[in-house]
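To start, the structure itself, in structure tokens.
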Amino acid sequence: MQGVKTLSEFIIERQDDFKYATGELSRLLNDIVIASKIVNREVNKAGLAEILGATEQENIQGETQQKLDVFADEQFISALKNGGEACGIASEENDDFVAFTNERSKQGKYIVVFDPLDGSSNIDVNVSIGTIFSIYRRKSEIGQEASIEDFLQKGRDQVAAGYVIYGSSTMLVYTTGNGVNGFTLDPSIGEFCLSHPNMECPKGGKTYSINEGKRREFSPAINAYLDYVKEDDKSTKRPYACRYIGSMVADLHRNMLKGGVFIYPESTSSPNGKLRLLYECNPMSFIMEEAGGLGHSGKENILDIEPTSLHQRVPIVIGSKNMVDKVLSYY
Ligand code: AHM
Ligand code: MG
């Protein structure tokens, strides 16, 4: 029987694939892994915590119980701050970026941006949620505090990106630009183990994911595509199946394994869509592209967009390459 390969072993083994390899990126990834294990533990008992917290809002230490997304945010920030490899972070939960002021962190070469708990409206109903992260080399001088230019980098400049899906099992999927690998958490040993080496997104599929309830607000192009997916045509496996979890990580993870397209388009009430360029669209597009898929805004490749603000939103069409191309053909 072949032994398991843990994520920590894999990260060290692949360290040399990375052009700036000095071990810091490996340590940074390990900090993220530790935070995600802690978040996983809390996510798994979220329902229970609510039952226990129902009569009293304070926990045993007298601390007010926090919302899980705030808890997750704090876990990632403290793991990255204590790790000392990142000079700062930006997250969906914070209005501004956080520059770490301790001396060790100021020497850090990287910044991390993340969505600590994506799909958080699914927490209360026990449906899969996720964490998304993205790592860049800093632009500001080493030894100084992180500045805004460190965070407003194109997705193309990411050095690593990944997601964690807290589903029926917990998985971590990441890339450093040399393919995509997936690891499943074995709760009995508390380790992520390599379960999905060299993940490739199928070029085509028969699933589309979109919040179709908003159809009347979508452009004629998206509406034309939504007519197309419902037509009867055996040769192209239509009509397609619609699957929409409302958790980007879970929808994209399924499409990554089975093929499919995920669309969060512009609409009359949200001209830039809903999803954030830095925390959601860039990391997911980097992973998808590394797996042979594509992420596109309808105007340009997501990874080529020059960000202008931290919480910038962007419409997105992402997933199997041929399916994304088909959607774009209607624009
Ligand atoms: P969140 O970061 O506030 O959780 O929002 C992001 C989520 C995505 O995971 C999901 O694809 C989308 O919002 C669903 O939005 P909607 O309910 O508008 O379809
Ligand atoms: Mg989100």
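The values are calculated or read from the model by the stated rules, or taken from the named source; none is laboratory data. Everything numeric here is computed off the predicted structure, so don't read it as measured data. When we count neighbours, we look across all protein chains shown, and the Cβ atoms used for this are built from the backbone with ideal geometry, even at glycine.
Here is how the numbers come out for the structure above:
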{"quantity": "So Asp115, is it within 16 Å of ligand 2 (Cβ to nearest atom), of a type in the set (D, E, K, R) and touching a residue at least 60 places away in the same chain (Cβ under 8 Å)", "calculated": "yes"}
{"quantity": "Filter result for Ser219 (more than 21 Å from Ile165 (Cα to Cα) and touching a helix residue (DSSP H, G or I) at 6+ places or on another chain (Cβ under 9 Å))", "calculated": "no"}
{"quantity": "From Phe151, Phe133, residue being under 24 Å from Leu7 (Cα atoms) and either modelled with pLDDT of 95 or more or not assigned by TED's automatic domain parsing to the domain that holds Ile245 (or both)", "calculated": "Phe133"}
{"quantity": "Unmet criterion (only one of (1) part of a loop (DSSP other than H, G, I, E, B); (2) in contact with a helix residue (DSSP H, G or I) (Cβ under 8 Å, 6 or more places away or on another chain)) for Asp95", "calculated": "(2)"}
{"quantity": "Test: residue in the range 145-161 that is closer than 30 Å to Pro239 by Cβ and surrounded by fewer than 23 Cβ atoms within 10 Å (Cβ to Cβ)", "calculated": "no"}
{"quantity": "Residue tally, condition at pLDDT below 85 and aromatic (Phe, Trp, Tyr), over the range 43-73", "calculated": "0"}
{"quantity": "Matching entry among Asn122, Asn102, Asn94 (being within 11 Å of ligand 1 (Cβ to nearest atom) and surrounded by fewer than 24 Cβ atoms within 10 Å (Cβ to Cβ))", "calculated": "Asn122"}
{"quantity": "Qualifying residue in the range 139-148 (condition: among the polar types (S, T, N, Q) and within 16 Å of ligand 2 (Cβ to nearest atom))", "calculated": "no"}
{"quantity": "In the range 264-280, the residues that are of a type in the set (A, V, I, L, M, F, W, C) and within 10 Å of ligand 1 (Cβ to nearest atom)", "calculated": "Leu275"}
{"quantity": "Condition broken by Val112, with the remaining ones in (1) within 16 Å of ligand 1 (Cβ to nearest atom); (2) modelled with pLDDT of 95 or more satisfied", "calculated": "(1)"}
{"quantity": "Extreme residue, surrounded by the fewest Cβ atoms within 10 Å (Cβ to Cβ), among residues of the range 297-319 that are within 16 Å of ligand 1 (Cβ to nearest atom) and free of Cβ contacts under 8 Å to residues at least 60 places away in the same chain", "calculated": "Gln312"}
{"quantity": "Residue count for the range 202-216, restricted to those that are assigned to a loop (DSSP other than H, G, I, E, B) and either out of contact with any Leu (no Cβ under 8 Å at 6 or more places or on another chain) or within 16 Å of ligand 2 (Cβ to nearest atom) (or both)", "calculated": "6"}
{"quantity": "Single unsatisfied condition, Pro220 versus (1) surrounded by 15 or more Cβ atoms within 10 Å (Cβ to Cβ); (2) assigned by TED's automatic domain parsing to the domain that holds Glu300; (3) not small (Gly, Ala, Ser)", "calculated": "(1)"}
{"quantity": "Matching entry among Gly213, Gly259, Gly205, Gly273 (being farther than 24 Å from Gly179 by Cα and either surrounded by fewer than 19 Cβ atoms within 10 Å (Cβ to Cβ) or in contact with a Ser or Thr (Cβ under 7 Å, 6 or more places away or on another chain) (or both))", "calculated": "Gly213"}
{"quantity": "Matching residues, the range 137-172, being touching an Asp or Glu at 6+ places or on another chain (Cβ under 7 Å) and small (Gly, Ala, Ser)", "calculated": "Ser140"}
{"quantity": "Residue satisfying condition, being touching a strand residue (DSSP E or B) at 6+ places or on another chain (Cβ under 6 Å) and modelled with pLDDT of 90 or more, within set Asn40, Asn82", "calculated": "Asn40"}
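Yes/no matrix, rows are residues, columns are (1) under 17 Å from Ser91 (Cβ atoms); (2) among the small types (Gly, Ala, Ser); (3) free of Cβ contacts under 8 Å to residues at least 60 places away in the same chain:
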position	(1), (2), (3)
Asn126	no, no, no
Ile132	yes, no, no
Val159	no, no, no
Gly179	no, yes, no
